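Input: a single structure, listed below in structure tokens.
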Number of protein chains: 2
Amino acid sequence: MDLNERKLKILQAIIQDFVSTAEPVGSRTLSKKYELGVSPATIRNEMADLEEMGYLTHPHTSAGRMPSQKAYRLYVNEMMKKHELPQAEKDSIADELYKNVSELDRTIEHAAKILSNITNLTSFAMTPKKDQDVLKFINLLPVDERTIVLMIVSESGKVSNLALKLKTEYDEETLGLLSKNMTYAFKGKTISEALTMDIIDTVHTDMKAMNELTGTVMPSFMKSLEDMLNVNLYMDGLTNIFKIPEYNDLDRAKMFMELIDRKEDFTKALIQRDDGLLITIGTENDDEQMQDCSLITATYHVDGKLVGKLGVIGPTRMRYSEISSVIEFLTDNLTKAYRLTGGDDDE
Amino acid sequence: MDLNERKLKILQAIIQDFVSTAEPVGSRTLSKKYELGVSPATIRNEMADLEEMGYLTHPHTSAGRMPSQKAYRLYVNEMMKKHELPQAEKDSIADELYKNVSELDRTIEHAAKILSNITNLTSFAMTPKKDQDVLKFINLLPVDERTIVLMIVSESGKVSNLALKLKTEYDEETLGLLSKNMTYAFKGKTISEALTMDIIDTVHTDMKAMNELTGTVMPSFMKSLEDMLNVNLYMDGLTNIFKIPEYNDLDRAKMFMELIDRKEDFTKALIQRDDGLLITIGTENDDEQMQDCSLITATYHVDGKLVGKLGVIGPTRMRYSEISSVIEFLTDNLTKAYRLTGGDDDE
DNA sequence: GTTAGCACTCTCAATAAATGAGTGCTAACA
DNA sequence: TGTTAGCACTCATTTATTGAGAGTGCTAAC
């Protein structure tokens, strides 16, 4: 059977209607609401064909048709037009985003908030994976007799630090020397590389005081490096699912919330996704609990290298086109805001 | 009417039963399950009295009784025995908590997770209010030709920093001088005090290069101070409410989720609560949406001064005694872990 | 190939009836 | 005077029944 012009038109109308109403759509409604130029009976015949081809389903005999996952995939691949955001909306999003640019994590969190507000879906935003981030320098700063601060700065502008309480007093000169040695040893290494190095050996010297200090500082240093590798996931608009008819059912809402609550698993799943704008529909998602959801994600870059992700999760019935545009606009702007090297930003 | 021994015993039994079953309890059930030594008919008479006194309510004529808010208050004030946690549980909680002690925020987040796991309720943990935190030193570190790191260390061990991209190149000597000036000006001031100072004036000098640098650094400095004041709220166990029969109703679940989703308001409400272990039941909560919930919170201290909070929110029917104990145990341990001054911890 | 017409299917909402848990009251009892 | 058994009554909950409505599939006519 052929997916001719008319069938496509009808399918598109059904998708459009179902996406906005969430109700199975019947032949009469269709012929009244959309200018298809044919009678309900003809539409019925075509719908029967479309169903046979797998693009439509039936909740039960006397109900209207609704798009199948295959239909959404066809729509996303072939029928969807690029949605151009109105300038006013772009401006307001950018305003809202830049208003809060400071620490990366805060901005990312804020981006998730913006996204859920606009889409009325549950949004998420992931801070960048930092394993390829390159160490720039390490500094040990005296605070008081027993306290020092360990500070690690990386290319991406990421700064980690930790106040350390020492068991014994230290000597400032040794501290300075150790800072230098550590910087010399680790500068230019990625965080992952640094973690595989035999760190104590690397900065070993003959000085007793120094070795003692090293022994105290190193565990914290490694712990900080590990912390820097951690990816944070921010979510927003959890309650939005209650606005979605599909989830007006306690069990489904529950399933969804549980999915969302397993943040570690969810983060893992996100990390594994391909870069760029990616739409996965229903069973295209690996995770079993996501098989009646769709995910749209896109990637942003920090310092042109580190990759973070941002997106929404919702029912397979969603406004793929509009939502994709918003997500892309946000990731583009994040990338712009965090182009650290060579940029002229003063943040 | 008098709240005699027998009435108290019956009331306690009703509370106990209702807390674990969530079902209104009838006279027959009561006489069978608890050793009250009287017949259902007698219990019925007493229950009618208790209802008249305001300790019990009736969902409808032919249903059993359930405790009123007044009953829970009586229970918490007078009848509740201190629940001593079994040593095994204490150990496992402490293990789980200390396993992750590093940056304060991570630990706090983790504490919330532990709490929700144990109580099967929705938990929250707030990082300390830092307005009384005292600045210790300010440091400006060179990174590369155009980049410096601004670092602020406070008494509580809180370290804030921000990589700054400058419009023009800087000179290391000036940078060092500015660090010294700033430390001199702000050392010993609380963050709140620092924010009210006319900062630019404070470090004003005759040097042109210095004033230029100051102009660039200061906005970021103030922004960092403001960021340091921010209180973070971590929540966990959101999906636990779905396990609670009271919320097996879409509307109520929705209400609850919305309450939780308004994090700013929720944080404000928490900040206003009194210190120490505090139990508020139903309408004792100011917030309208919380009037059918109970809250238990307790405070922990960082460096003996800064105050953070931790607790749970759930239906008025909850195990006040056990939960209070867990919360107190957690806050005690947090306070211990973050006793920075004078302690012997090496974290 | 398209359309009107009609029987048929199935869900959903409304109504009614049966069920059962639990009370309140009365009268008898210790 | 306090306690208890007995029983009528109440009200939520469950199950069954019915009717309306939306929509299809098929047939026959155009």
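The values are calculated or read from the model by the stated rules, or taken from the named source; none is laboratory data. The structure presented is a predicted model; accordingly, all values stated were derived computationally and were not measured. Cβ: placed from backbone, ideal geometry, glycine included. Neighbour counts: every protein chain shown.
Checked against the criteria, A:Met228 does not count as among the hydrophobic types (A, V, I, L, M, F, W, C), buried (at least 19 other Cβ atoms within 10 Å of the Cβ), at the interface with chain B (Cβ under 8 Å from one of its Cβ atoms) and under 23 Å from the mean Cα position of the chain (by Cα).
What are the pairs, 6+ residues apart or on separate chains, where a residue within segment A:4-28 that is closer than 13 Å to A:Val38 by Cα has its Cβ under 8 Å from a residue that is of a type in the set (Asp, Glu)? The qualifying pairs are A:Arg6/A:Glu46; A:Lys7/A:Glu46; A:Lys7/A:Asp49; A:Ile10/A:Glu46.
Only a single criterion out of (1) more than 12 Å from chain B (Cβ to nearest Cβ); (2) farther than 27 Å from A:Leu162 by Cα is not satisfied by A:Lys254, namely (1). The residue pairs whose first member lies in segment A:252-264 and is modelled with pLDDT of 90 or more, whose second member is of a type in the set (A, V, I, L, M), and whose beta carbons are closer than 6 Å, counting only pairs six or more residues apart or on different chains, are A:Phe256/A:Ile241.
Answer yes or no: is there a residue in segment B:127-145 that is modelled with pLDDT of 90 or more, more than 10 Å from every other protein chain (Cβ to nearest Cβ) and over 33 Å from the mean Cα position of the chain (by Cα). Yes. Residues in segment B:24-72 that are surrounded by fewer than 19 Cβ atoms within 10 Å (Cβ to Cβ) and among the basic types (Lys, Arg) were compared, and the one that is farthest from DNA strand C (Cβ to nearest atom) is B:Lys70. Checking A:Leu115, A:Leu178 one by one, the residue that is away from every other protein chain (no Cβ under 12 Å) and either part of a loop (DSSP other than H, G, I, E, B) or closer than 30 Å to A:Ile296 by Cβ (or both) is A:Leu115 and no other.
Does A:Thr216 satisfy the criteria of being of a type in the set (S, T, N, Q), at pLDDT 90 or above and surrounded by 15 or more Cβ atoms within 10 Å (Cβ to Cβ)?
On the way: of a type in the set (S, T, N, Q): yes; at pLDDT 90 or above: no; surrounded by 15 or more Cβ atoms within 10 Å (Cβ to Cβ): yes.
Spelling it out, it is not the case that A:Thr216 is of a type in the set (S, T, N, Q), at pLDDT 90 or above and surrounded by 15 or more Cβ atoms within 10 Å (Cβ to Cβ).
Number of residues in segment B:149-175 that are in a strand (DSSP E or B) and either touching a residue at least 60 places away in the same chain (Cβ under 8 Å) or on the phi > 0 side of the Ramachandran plot (or both): the value is 6. For segment A:224-277, a residue qualifies if it is touching a strand residue (DSSP E or B) at 6+ places or on another chain (Cβ under 9 Å), farther than 30 Å from A:Thr190 by Cβ and of a type in the set (A, V, I, L, M), and the qualifying residues are A:Leu238, A:Ile241, A:Ile244, A:Leu259, A:Ile260. Any idea which of (1) at pLDDT below 95; (2) within 13 Å of the chain's Cα centre (by Cα) is the one A:Arg339 doesn't satisfy? Result: A:Arg339 fails condition (2) only.
Scanning segment A:48-70 for residues that are more than 6 Å from DNA strand D (Cβ to nearest atom) and within 10 Å of A:Gly26 (Cα to Cα) gives a single hit, A:Met66. Can you give me the number of residues within segment A:181-194 that are among the small types (Gly, Ala, Ser) and part of a loop (DSSP other than H, G, I, E, B)? Residues in segment A:181-194 being among the small types (Gly, Ala, Ser) and part of a loop (DSSP other than H, G, I, E, B): 1 in total.
Scan segment A:237-250 and tell me whether some residue there is surrounded by fewer than 17 Cβ atoms within 10 Å (Cβ to Cβ), out of contact with any Phe, Trp or Tyr (no Cβ under 7 Å at 6 or more places or on another chain), more than 30 Å from B:Tyr247 (Cβ to Cβ) and at the interface with chain B (Cβ under 10 Å from one of its Cβ atoms). No; the residues of segment A:237-250 include none that is surrounded by fewer than 17 Cβ atoms within 10 Å (Cβ to Cβ), out of contact with any Phe, Trp or Tyr (no Cβ under 7 Å at 6 or more places or on another chain), more than 30 Å from B:Tyr247 (Cβ to Cβ) and at the interface with chain B (Cβ under 10 Å from one of its Cβ atoms). Just so you know, in segment A:8-23 the residues that are buried (at least 17 other Cβ atoms within 10 Å of the Cβ) and within 14 Å of DNA strand D (Cβ to nearest atom) include one that is nearest to the other protein chains (Cβ to nearest Cβ), and it is A:Phe18.
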